[in-house]
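A quick write-up on the structure given underneath.
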């Protein structure tokens, strides 16, 4: 399967996500960083370069996620999968508090916050400022 993502597919994925990161919800237009098109399940794990396996992702979220699809939280014998924007509803797994921190509602949310480092201080500051401006 090709790693190349055609421009038309990139546009479809970004528009479907309303030009927001599908993991941390930051809007692309207000970001200081570029956005990537992420293979939700990486090619090395059998993922395809198709709209059903692609997500719009903030550069830092995508770099932190890498090819990960799961992590361990409490018991190293039981992996917890990461949030999948094509299968999961964001609001069922996360919420954002008034200070800009992303709070998990489920184990999937907790695993995703951990691996993608969604509550890195820079991300919290950026979300807090966007909340203050009414842009988030």
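Spin-label model, residue 105/residue 75: points 7 Å from Cα along the beta carbon direction are separated by 2.5 nm. Summarising the label geometry, the points placed 7 Å from Cα in the beta-carbon direction at residue 95 and residue 45 lie 2.8 nm from one another. Given a Förster radius of 22 Å and the C-beta distance between residue 52 and residue 18 as r, what FRET efficiency does 1/(1 + (r/R0)^6) yield to the nearest 0.05? Efficiency at R0 = 22 Å is approximately 0.80.
What the Cβ-Cβ distance of residue 86 and residue 135 gives, at R0 = 22 Å and to the nearest 0.05, is a FRET efficiency of 0.30. Peptide packing for 47-57, 71-81, 108-118, 88-98 was compared via the average number of neighbouring C-beta atoms within 10 Å per residue; ordered from the highest value, the list is 108-118, 47-57, 88-98, 71-81. Pairs of alpha carbons in segment 7-132 separated by more than 24 Å make up 23% of all such pairs. Label-to-label distance, residue 10 versus residue 63, with points set 7 angstrom from Cα along the beta-carbon direction: 1.8 nm.
Here the Kirkwood formula, the inverse mean of 1/r across different C-alpha pairs, assigns segment 38-103 a hydrodynamic radius of 13.4 Å.
Read-outs throughout are calculated quantities, based only on the coordinates presented, and are distinct from any laboratory measurement. Here the structure is a predicted model, which means the values were calculated and not measured. In this analysis, Cβ positions are derived from the backbone assuming ideal geometry, glycine residues included, and neighbour counts consider all displayed protein chains.
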